[in-house]
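Each remark here refers to the structure printed beneath this line.
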Amino acid sequence: MPTAATFEIEYLQFLDADGSLARNDLPAFARDTRQLVKLYQEMLMVRIFDAKAIALQRTGKLGTYAPCLGHEATYLAIGSAMQEDDVLAVSYREYGAQFHRGVKPRELLLYWGGDERGNDFSGPAHDFAWCVPIGTQCLHAAGSALAFKIRKEPRVAVCTIGDGGSSKADFNSALNVTGAMQLPLVAVIVNNQWAISVPRGAQTGAKTLAQKGIAAGLECLQVDGNDLIAMRAAMDYAIKRARHGHGGMCIEAVTYRLSDHTTADDARRYRSEQEVKDAWAREPLRRMKAYLMALNAWTEEEEVAWKEQCTRYVDAEVNAYLETKSQPVEAMFDYTYAELPPDLVAQRAEAVVRG
Amino acid sequence: MAQITLIEAVTQALAWEMAHDPSVVVLGEDVGVNGGVFRATLGLIDRFGAERVIDTPLDETTIAGLTVGLAAQGMKPVAEAQFEGFIYGMLEQIICHAARLRNRTRGRMSVPAVWRAPWGGGIRAPEHHSEANEAIFTNVPGLRVVLPSSPARAYGLLLASIRDPDPVIFFEPKRIYRQYKEEVPDDGEALPLDVCFVLRDGSDVTLVTWGAQVKETLEAADALAAEGVRAEVIDVATLKPLDFDTIHESVRKTGRCVIVHEAPRTAGFGAEIAARLAEHAMYDLVAPVERVTGYDTHIPLFRLEMKYLPSVERIVAAARRTLAAS
């Protein structure tokens, strides 16, 4: 029988788990070690922030929080590969990408601390806010990409989704329409192996998640999401392609959620300690540190000093968050419509009287 | 000046706004070359091109999500749900995002978009093509819900909906798409989105309705007039936010109110109007408020659908009961 179609999914890795080069054709940006050091520093900052946020939740100073422990390389690669006027549509733990784009830790804390003002962040005003309904953000990115295409703007939309979210209709719809309309969209499936308690294998019978883009006609790639260099190289490639009108791409970043799903979760209920221990051996910071130190681009002394600097920065951001007073009660009304209808004017007045 | 039908008024409004605002785009299933299954977008692709009159893949989720993304990035999308019974696949995008993006970003982002859908029963359509589901949307903060019942109101209200900075659910009563023609100047004049339309003055009883039921309600008013009863007829047209003042003012005058809608009765939008009358107009009323509505059943397949929809006789009978009560 003749073959109607075939496909294969390539796997990209430059740095292995120990920080040794898996291949020698390093992309240009990775030959600039100062840039790699800077991104490593940002990963460290995110990790210190993440631990602090969990501590805040445990002491009653923050609501439910979704940590990003283990995802730092994937998110920093996404954030650093994008241009300011590109659009990012995230789910809710892509902090490294967002900090790189100008979102402040105090704003993130404000959101998880129960205040809508966190979504009015200092990152690009066209970036979408945190998106709890799983997968829906992917179509916002596709709609953005369609707007860019209609207006002939050389801009790209990037969306992120989890391994669990890759089962959702909205995600698959976004891939499909990206292929159908040749939209400048890069979809990144952050496969951290667990959708709360459901393992990756229970989401789909597909061998890779990257291949979900094949049926939509997209170019697809699986990447070691714990390898900053590979992930950044993949993003650079995908964004450049999309920006030049060559269509969208689906990237699966293979990583591991080293933390609970959120602070309301207890991952010990559904996965083994050994699995988590094994995953720690592949985590992204350790290998980047080893690589940079082998290049004499980073030292233990610099690491200690940088961590102290991060702690001071994070503490200042936490203080700014804690000192932010709650919005007045009428704030719940004021952005329901561009202009408040009479019914809401009356209800607002009632709420103000009640205080 | 040309006489046009309600659906031609929809097309005329879309064309006007697309000609005057380059950020307006139309998207949906079959809206391009085919001009929409009811022909609401007829000719638009020839005039404005496939980049602005967009045939999407056959997926309501796609249409709704693209619409949110387009609107958030500065476009003014007018999305078409091919039938109101297919809009459920759009609900998560409409409720979780379109309706609340402005609020949850404190005004940083917003969704100035319109979702159009042919609405309601009475055209002998297949299953899931005849729903009156406006009450699902009137309970959602951040949305506007608009339901015109004449060519002129379809034109003016659609223009206003596209220009409005907030998301609008725009239901088109398909039973009266081609019921009659009237002169609708193509002058780009919008109608207000926050007032009811008093279609007939009267002093004895207030008949409140919207959508295709305006037809039966006006006929009921004629029948009542033959008996010497002067019925005031109000087309709510802009359900959310509701202009209750116009209804209240009428009931102050008549003391009697019959609410007519084809959606199921329980928690239908008539319940909201009745509740407000109970709150604000109890002492103006001389008779209990009557509701003439669809039953709390699914609208039946078309052999029985006209027995489900409110009839002139039911409306007249309800009005007579309010008159007999005092």
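The values are calculated or read from the model by the stated rules, or taken from the named source; none is laboratory data. Everything quoted here is computed from the prediction, not taken from an experiment. Here the Cβ positions follow ideal geometry from the backbone for every residue, glycine too, while neighbour counts run over all protein chains shown.
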Among (1) surrounded by 19 or more Cβ atoms within 10 Å (Cβ to Cβ); (2) more than 8 Å from every other protein chain (Cβ to nearest Cβ); (3) in contact (Cβ under 8 Å) with a residue 60 or more places away in the chain, which single condition is B:Glu127 missing? (1)
Report, by residue number, each residue of segment B:194-229 that is without any contact (Cβ under 8 Å) to a residue 60 or more places away in the chain and in contact with a Lys or Arg (Cβ under 6 Å, 6 or more places away or on another chain). B:Gly202, B:Ser203, B:Ala221
For segment A:10-67, how many residues meet the condition of being small (Gly, Ala, Ser), in a loop (DSSP other than H, G, I, E, B) and crowded, with 17+ Cβ neighbours inside 10 Å? 3
If you scan segment B:57-67, which residues turn out to be under 16 Å from B:Val78 (Cβ atoms) and at the interface with another protein chain (Cβ under 7 Å from one of its Cβ atoms)? B:Thr62, B:Gly65, B:Leu66, B:Thr67
Among (1) out of contact with any helix residue (DSSP H, G or I) (no Cβ under 6 Å at 6 or more places or on another chain); (2) more than 20 Å from B:Met306 (Cα to Cα); (3) crowded, with 19+ Cβ neighbours inside 10 Å, the one test that B:Pro185 misses: (3)
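Table: residues versus (1) polar (S, T, N, Q); (2) away from chain B (no Cβ under 14 Å); (3) crowded, with 24+ Cβ neighbours inside 10 Å; (4) free of Cβ contacts under 8 Å to residues at least 40 places away in the same chain.
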site	(1), (2), (3), (4)
A:Ala147	no, no, yes, yes
A:Ala157	no, no, yes, no
A:Thr160	yes, yes, yes, no
A:Ser173	yes, no, yes, yes
A:Ala180	no, no, no, yes
A:Ile189	no, yes, yes, no
Positions within segment A:162-171 being in contact with a helix residue (DSSP H, G or I) (Cβ under 6 Å, 6 or more places away or on another chain) and either facing chain B (nearest Cβ under 9 Å) or more than 17 Å from A:Thr255 (Cβ to Cβ) (or both), in sequence order: A:Ala169, A:Asp170, A:Phe171
Just the residues that are more than 20 Å from the chain's Cα centre (by Cα) and of a type in the set (Lys, Arg), please, taken from segment B:81-123. B:Arg100, B:Arg102, B:Arg104, B:Arg106, B:Arg108
Looking only at segment A:124-134, count every residue that is more than 7 Å from chain B (Cβ to nearest Cβ), of a type outside the set (A, V, I, L, M) and more than 13 Å from the chain's Cα centre (by Cα) and tell me the total. 1
What number of residues within segment A:113-132 are touching a residue at least 40 places away in the same chain (Cβ under 8 Å) and among the polar types (S, T, N, Q)? 0
Do we have B:Ile7 as among the hydrophobic types (A, V, I, L, M, F, W, C), buried (at least 19 other Cβ atoms within 10 Å of the Cβ) and farther than 22 Å from B:Arg163 by Cβ here? no
B:Ala281 - would you say it is hydrophobic (A, V, I, L, M, F, W, C) and either under 21 Å from the mean Cα position of the chain (by Cα) or under 13 Å from B:Thr209 (Cβ atoms) (or both)? no
Could you tell me whether B:Leu285 is of a type in the set (A, V, I, L, M), modelled with pLDDT of 95 or more and under 15 Å from B:Ile259 (Cβ atoms)? yes
Sort through B:Glu219, B:Glu249 and tell me the only one that's among the charged types (D, E, K, R) and farther than 25 Å from A:Leu344 by Cα. B:Glu219
Quick one: B:Ser161 ticks every box in (1) within 14 Å of chain A (Cβ to nearest Cβ); (2) in contact (Cβ under 8 Å) with a residue 40 or more places away in the chain; (3) surrounded by fewer than 23 Cβ atoms within 10 Å (Cβ to Cβ); (4) of a type in the set (S, T, N, Q) bar one, so which box is it? (3)
Could you list all residues from segment B:134-187 that are in a loop (DSSP other than H, G, I, E, B) and aromatic (Phe, Trp, Tyr)? B:Tyr177, B:Tyr180
Among the listed residues A:Met332, A:Met288, identify the single one that is more than 22 Å from A:Gly70 (Cβ to Cβ) and touching a helix residue (DSSP H, G or I) at 6+ places or on another chain (Cβ under 8 Å). A:Met332
